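Structure first, commentary second.
All of the numbers you see were taken from the coordinates with simple rules; none came from a lab. Not measured: the values here are computed from a predicted model. As a convention, Cβ positions derive from the backbone with ideal geometry for all residues, glycine included, and neighbour counts pool all protein chains shown.
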Amino acid sequence: MLPLSLTKDWNLITRPVMPFYNIVPHETAPGNFERATGLGDLALVELLSPANSGNWILGAGPTAIFPTATSRFTGQGKWQLGPSFVAGYLTKEYFIGVFPQQWWSIGGVHSRPDTNQMNLQPIATIFFGDGWSLGYSGNILADWNAPSEDVWTVPIGLGLSKVVKFGRLPVKFQLAVQYMPVHPRISGQEWNVQVFIIPVLPKLIKGTLF
């Protein structure tokens, strides 16, 4: 994440996400199974957030997906754009909130299907001190173009996190395990293991931009 103070009342938070996938062997042709490993599509969200909201974490802005995947199995091949917002309450003991994003495809590879999808991230985390935390892990996904029985992916998961400082740079390391009791019948995930490395970059501009 990269914060930027626009004025004394407003901040701009930039949050890029570059996934790396190692997908279990799947059928690419009748009788042919392959493992897919590579970069996924880059997601970028820009959130305009009030600077003086107390314990509340609030923000809204555009979100985009760029077709950067190195394999057709790790990306959708589409340029995508839509709205997002975040709302949460943060204390020294816990953080609860919600972070939904919605995308529609606006271009890309013509042979790949158009997208109309949502990613809803519930947030529930308990802090234990010394940089450790434990919380719910899982993003609720909705593919609005899919048949009604294949729209939703709903995970149940836990994530263990540790914040480590490298000099003055805090970096969050997280290990998460998820099981999906609700998922698309054919191509949906049933479980996954995720590793996150999240650096929180210092402000590039001291003070306000305007």
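The table below gives the values:
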| quantity | calculated |
| --- | --- |
| Residue count for segment 84-117, restricted to those that are in a strand (DSSP E or B) and charged (D, E, K, R) | 0 |
| Segment 175-188 residues that are within 15 Å of ILE156 (Cα to Cα), paired with ones that are in a strand (DSSP E or B) and of a type in the set (Phe, Trp, Tyr) (beta carbon under 6 Å, 6 or more apart) | TYR179/TRP191; VAL182/TRP152 |
| Residue check, SER105 under 18 Å from the mean Cα position of the chain (by Cα) and closer than 16 Å to VAL195 by Cα | no |
| Condition met for ALA64 (part of a strand (DSSP E or B) and buried (at least 16 other Cβ atoms within 10 Å of the Cβ)) | yes |
| Residue count, segment 193-203 (criterion: in a strand (DSSP E or B) and in contact with a Pro (Cβ under 8 Å, 6 or more places away or on another chain)) | 1 |
| Number of the exception - LYS206 against (1) in a loop (DSSP other than H, G, I, E, B); (2) in contact (Cβ under 8 Å) with a residue 12 or more places away in the chain | (2) |
| Segment 125-153 residues that are over 22 Å from TYR179 (Cα atoms), paired with ones that are surrounded by fewer than 17 Cβ atoms within 10 Å (Cβ to Cβ) and of a type in the set (D, E, K, R) (beta carbon under 8 Å, 6 or more apart) | PHE127/LYS92; PHE127/GLU93; GLY131/LYS162; TRP132/LYS162; ASN145/ASP114 |
